[in-house]
1. Cβ contacts < 8 Å: first residue β-branched (Val, Ile, Thr), restricted to region 109-122; second residue outside any strand (DSSP E or B), any location; separation 6+ or different chain. Result?
2. Tell me, yes or no, whether region 31-52 has at least one residue that is in contact (Cβ under 8 Å) with a residue 24 or more places away in the chain, away from ligand 1 (no atom under 14 Å from the Cβ) and small (Gly, Ala, Ser).
3. Applying the selection to region 115-156, what residues are crowded, with 16+ Cβ neighbours inside 10 Å, more than 18 Å from the chain's Cα centre (by Cα) and in a helix (DSSP H, G or I)?
4. Which ranges mark the helices (runs of 4 or more DSSP H) fully within region 1-101 that have 3 or more residues being crowded, with 18+ Cβ neighbours inside 10 Å?
5. Of (1) over 17 Å from the mean Cα position of the chain (by Cα); (2) within 16 Å of ligand 3 (Cβ to nearest atom); (3) not hydrophobic (A, V, I, L, M, F, W, C), residue 208 satisfies all except one. Which?
6. Only one of (1) surrounded by 15 or more Cβ atoms within 10 Å (Cβ to Cβ); (2) among the aliphatic types (A, V, I, L, M); (3) within 16 Å of ligand 1 (Cβ to nearest atom) fails for residue 221. Which number is that?
7. Would you pick out the residues in region 38-56 that are within 15 Å of ligand 2 (Cβ to nearest atom) and more than 15 Å from residue 108 (Cβ to Cβ)?
8. Quick one: how many residues across region 4-56 are more than 20 Å from the chain's Cα centre (by Cα) and more than 13 Å from ligand 3 (Cβ to nearest atom)?
Amino acid sequence: MEFDETKLRDHFAEPPSDISLADIDLARIPRHISCIMDGNGRWATSRGLARTEGHKAGIVSLREIITTAVRLGVDVLSAYAFSTENWNRPQYEVDTLMYLFAKTFIDELPLLHRENARVEFLGDISALPTRTRDVFARGLEECADHTGMVLALAVNYGARAEIARAARLLAQEVAAGSLAPEDIDERAFAGKLYTADLPDPELVVRTSGEMRVSNYLLWQVAYSEFYVTDTYWPDFDRWGLLRAIRAFQNRDRRFGGLSQSAKA
Ligand code: IPE
Ligand code: IPE
Ligand code: MG
């Protein structure tokens with residue numbers, strides 16, 4: 001996607017000592033970057049604050065990462081906000097998260113308008129509290145005409161549930177006689193996932209040091225590059241994203257084949 005050179009330079013003015021815009025190749029920015037936004041609770045606890053304060057601080061980071069991704073010309077930014085397993089947390093924390101999702105979404109609509117970003121939700125939105133659902137529906141409608149970056153928010157998302165759902169949808173078509181079992185291939189399957197119209201993530205960033213996928217995009221990460229940083233999500237910023245992209249650009253992506261140098 002196109003980017004505005006002046007806005008990009010301004011955004012990355014005053015770099016820290018270890019990284020700057022010059023360290024990355026702007027022609028090889030991943031098309032789809034995905035973030036597992038983890039560590040909000042620990043960030044808060046380490047400061048003597050309630051876990052929910054970490055979630056509030058995490059929203060500020062997401063805002064910065066959205067703008068940063070737009071500046072870099074990323075096509076799709078996805079973010080894991082709430083998993084199907086996160087319902088197992090204390091009711092107060094779940095309620096606060098649902099409230100924050102609704103509030104943030106309204107508060108951030110001007111940002112999405114300004115940045116011309118479209119929104120998609122990955123996950124079963126129908127199971128969310130009515131107010132959160134209504135706000136999401138309003139946001140989807142308001143941003144429907146935007147043509148810029150896609151912001152895909154995974155809310156009440158679980159990859160196993162997503163895969164089971166895709167199988168169910170295909171089975172229903174077979175039962176109805178509109179699909180032949182022989183026609184179920186990788187493409188048909190991917191077409192029934194929440195991410196049907198999105199490219200697979202090229203880079204998955206997980207904050208807070210956890211080396212696991214926690215039921216996130218299991219199908220779609222088949223050949224994604226993973227980058228894990230110890231930084232807690234509320235401390236993750238534009239420079240953190242740049243470091244992740246630098247690491248990505250230094251990887252040798254082989255997709256099961258041989259690297260360019262080995263082929264020669
Ligand atoms: C990620 O931060 C946000 C959500 C899962 C909603 P956590 O709340 O998981 O924070 P930690 O991992 O407990 O520190
Ligand atoms: C993954 O983080 C889910 C989100 C970031 C929304 P968790 O904190 O829920 O994952 P686990 O429990 O550490 O695996
Ligand atoms: Mg966590």
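1. Matching pairs, first to second residue: 119/112; 119/139; 119/140; 119/143.
2. yes
3. 132, 133, 135
4. On the way: elements: 5-11, 40-45, 51-72.
Result: 40-45, 51-72.
5. Among (1) over 17 Å from the mean Cα position of the chain (by Cα); (2) within 16 Å of ligand 3 (Cβ to nearest atom); (3) not hydrophobic (A, V, I, L, M, F, W, C), residue 208 violates only (1).
6. (3)
7. 38, 39, 40, 41, 42, 43, 44, 45, 51, 52, 54
8. The total comes to 31.
The values are calculated or read from the model by the stated rules, or taken from the named source; none is laboratory data. The structure presented is a predicted model; accordingly, all values stated were derived computationally and were not measured. All Cβ positions, glycine included, derive from the backbone under ideal geometry; neighbour counts span all protein chains shown. Protein only, heavy atoms only, side chains kept; ligands, DNA and RNA dropped before computing areas. Shrake-Rupley method; radii C 1.70, N 1.55, O 1.52, S 1.80 Å.
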